[in-house]
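Heads up: the structure comes next, in structure tokens.
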Amino acid sequence: MSATIIDGKAFAAEVRGRVAAQVAAMKAAHGITPGLAVVLVGEDPASQVYVRSKGKQTVEVGMNSFEHKLDADTPEAELLALIARLNADPAVNGILVQLPVPDHIDEAKVLAAIDPAKDVDGFHISNVGLLATGQKAMVPCTPLGCLMLLRDLHGSLSGMEAVVIGRSNIVGKPMAQLLIGDSCTVTVAHSRTKDLPDVVRRADIVVAAVGRPEMVTGDWIKPGATVIDVGINRLPPAEEGAKGKLVGDVDFASVAQVAGAVTPVPGGVGPMTIACLLANTLTATARANGLAEPEGLTV
Ligand code: NDP
């Protein structure tokens, strides 16, 4: 069998198109332009790339983008004061603090300081609780993107057996909550799981969010299963000075022989994450203004 390759890049472009259309309609009908504030502390090169890309795509869908770049040694109190100003600013509908923050800053304190209604990353404990209890939440972008891909492929996920590998707060746990919400039978595996390949072999849906290059191989996969690869791992470069190849947590070549569908890396889940950030910003704006929920962009 040769799997369908799930084109996350194309689907993300479609989601951004839907966001842009609804932003234009919101502007025309209500004179409201959604605004996303992104805060970066320090000069981590990967974070700088992400922040630039987020700002560019925010503007492309017709939203306002507010970038706040702070020095690496910015005191925690100064960051918290900025978040308080953004919480109070009616032009800002979404706030994202790029993680990781430098060691002298308490990440949990920062996430707790963001107004849950503007928490477009969905990491505030209120949103975590709302999601876990099946209520309207701001949903973390990466798992939301994975769910959108799965719904697009399968329609209903009801009754499907899903295995999520990884139990992090930003991917594994919210992914499991979303799949439960869609009536899958969900197993969450992690580093202490016994006989992981056997566990994974039960799954109609596998979501790999581990951070270990090409760990999941074709012999772990039930024929016809759908495999969503969240992992982003850079292999050591073949020669000095070159950039190492980007691979997922899934061994694409062997899994594609067995699976029914699989996401590639790059071009699978990655592009969906920023698209969902924009979707969440639109959702937050609609909720803040008492407008109808955006169509096809929330769970
Ligand atoms: P974390 O490091 O926070 O979590 C990794 C999880 O994998 C943990 O629960 C860990 O288990 C589990 N794990 C580690 N080793 C094994 C193993 N050998 N067998 C089974 N489980 C294992 O990572 P994240 O959730 O933040 O990210 C996971 C991957 O997804 C990374 O590659 C990251 O770069 C990528 N990512 C991609 C995004 C995107 O936009 N595409 C966004 C966010 C992340 P335990 O809890 O027991 O330690």
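The values are calculated or read from the model by the stated rules, or taken from the named source; none is laboratory data. Predicted, not measured: the structure shown is a model, and the values here were computed from it. Don't worry about glycine lacking a Cβ; one is built from the backbone with ideal geometry, like all the others, and counts go over all protein chains shown. All accessible areas refer to the heavy atoms of the entire protein, side chains included, with ligands and DNA or RNA removed. Shrake-Rupley method; radii C 1.70, N 1.55, O 1.52, S 1.80 Å.
General remarks:
- Solvent-accessible area per residue in segment 141-270 equals 45 Å², computed with a 1.4 angstrom probe and all protein chains kept.
- A full extension of the chain between ASN289 and GLU43 corresponds to an added length of 85.1 nm, given 0.36 nm per residue minus the alpha carbon distance.
- A 1.4 Å probe run over the protein chains yields, for segment 29-115, 49 Å² of accessible area per residue, whole-number rounding.
- The alpha carbon centroids of segment 73-118 and segment 260-299 are separated by 22 Å.
- GluC sites (Glu not before Pro) within segment 1-73, DSSP loop, no more than 16 other Cβ atoms inside 10 Å: GLU43
- Cα→Cβ-extended label distance, 7 Å offset, between SER168 and ALA84, nm: 3.1 nm
- Value at 222 nm in deg cm²/dmol, rounded to 500, when DSSP H runs of n ≥ 4 in the chain each add -39,500 (n - 2.57): -12500 deg cm²/dmol
- Expressed as a whole percent, the accessible surface of the chain that belongs to carbon and sulfur atoms is 54, based on a 1.4 Å probe.
- Compactness of segment 141-270 was expressed as the Cα radius of gyration divided by 2.2 N^0.38 Å, which yields 1.01.
- Candidate aspartates and glutamates - alpha carbon under 15 Å from LYS56, same-chain residues fewer than 8 apart omitted: GLU67
- Summary of packing: across the peptides 85-93, 15-23, the per-residue average of other C-beta atoms within 10 Å ranks them, highest first, as 15-23, 85-93.
- Charge dipole (Cα centre; +1 on Lys/Arg Cβ, -1 on Asp/Glu Cβ; no other charges) of segment 29-115 amounts to roughly 440 debye.
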